[in-house]
């Protein structure tokens, strides 16, 4: 199957936008696959007043909760997110389209969620959400897929993806050795979990660098 180009993905989104109701496109992929980059490109190519953005990263549990639960060393795994809050936000997009929805964002410099950092206006008839676990089938995540109009799965060469993750961890304070250890111990098990959900996506995108 041929990987769709960015212009083809924009065309697909425009067709969905022309239909009735609110459209929610979920971009899924392993850590470091390029989900946020694709989401940004898609949003930039569509009319600004007609689109919104709801990243799953805003639903990270704060460090104080991870410490309480003993999960700080697994930050980024499925159980370190507020899946109930994320599902509630997705439902509100469909059930309350005429109200501005405020949602949490994620501050990379702090590595913490920030309450009400995002506003999605009623005019945003197409909302892009991206995250690792949109296609999981257990622990509450199975409620996400029915709330997505389409799910797009993005992949990149594993070596490229791992190097991206190492650089990201270094950028936000880890030493090179600690960054690589985190990728091996935390990110890669999560990546394997995400790859196992690939078949549930509507569109498959392979990025070549």
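Between residue 159 and residue 63, the simple spin-label model (points 7 angstrom out along Cα→Cβ) gives 3.5 nm. Note on the range 78-150 and the range 152-183: Cα centroid distance 24 Å, given to the nearest whole angstrom.
At full extension, residue 200 and residue 114 could sit 27.9 nm farther apart than now, given 0.36 nm per residue minus the alpha carbon distance.
The orientation-averaged projected area of the convex hull spanned by the Cα atoms of the range 1-69 comes to 6.9 nm². Across the chain, C-alpha contacts under 8 Å between residues 6 or more apart give a mean separation that, scaled by the residue count, equals a relative contact order of 32 percent.
Its DSSP H runs of at least 4 residues, each contributing -39,500 (n - 2.57), put the calculated 222 nm mean residue ellipticity of the chain at -10000 deg cm²/dmol, to the nearest 500. Rounded to the nearest 5, what % of DSSP beta bridges with both residues in the range 6-207 are antiparallel? Expressed as a percentage, antiparallel bridges in the range 6-207 total about 30.
Using r as the Cβ-Cβ distance of residue 15 and residue 48, and R0 as 30 Å, what FRET efficiency do you calculate, to the nearest 0.05?
0.95
Which value does Rg/Rh take for the range 6-207 over its C-alpha atoms, Rh per Kirkwood? Taking Rh as the inverse mean 1/r over Cα pairs, Rg/Rh reads 0.95. A full extension of the chain between residue 207 and residue 5 corresponds to an added length of 71.8 nm, given 0.36 nm per residue minus the alpha carbon distance. Three principal axis extents describe the C-alpha atoms of the range 118-209; from largest down they are 44, 31, 30 Å. GNM, the chain, Cα, under 10 Å: largest mean-square fluctuation among 59, 153, 102? Among 59, 153, 102, the largest mean-square fluctuation in the Gaussian network model of the chain belongs to 102.
Helix 6-17 and the longest principal axis of the C-alpha atoms of the chain enclose an angle of approximately 50°.
The GNM of the chain, with springs linking C-alpha atoms under 10 angstrom apart, assigns the highest mean-square fluctuation among 35, 75, 174 to 174.
Each value in this text was obtained by applying a stated rule to the coordinates, not by laboratory testing. All figures in this text were calculated on a predicted structure; none of them were measured in a lab. Cβ coordinates were reconstructed from backbone atoms using ideal geometry, including for glycine residues, and neighbour counts include every protein chain displayed.
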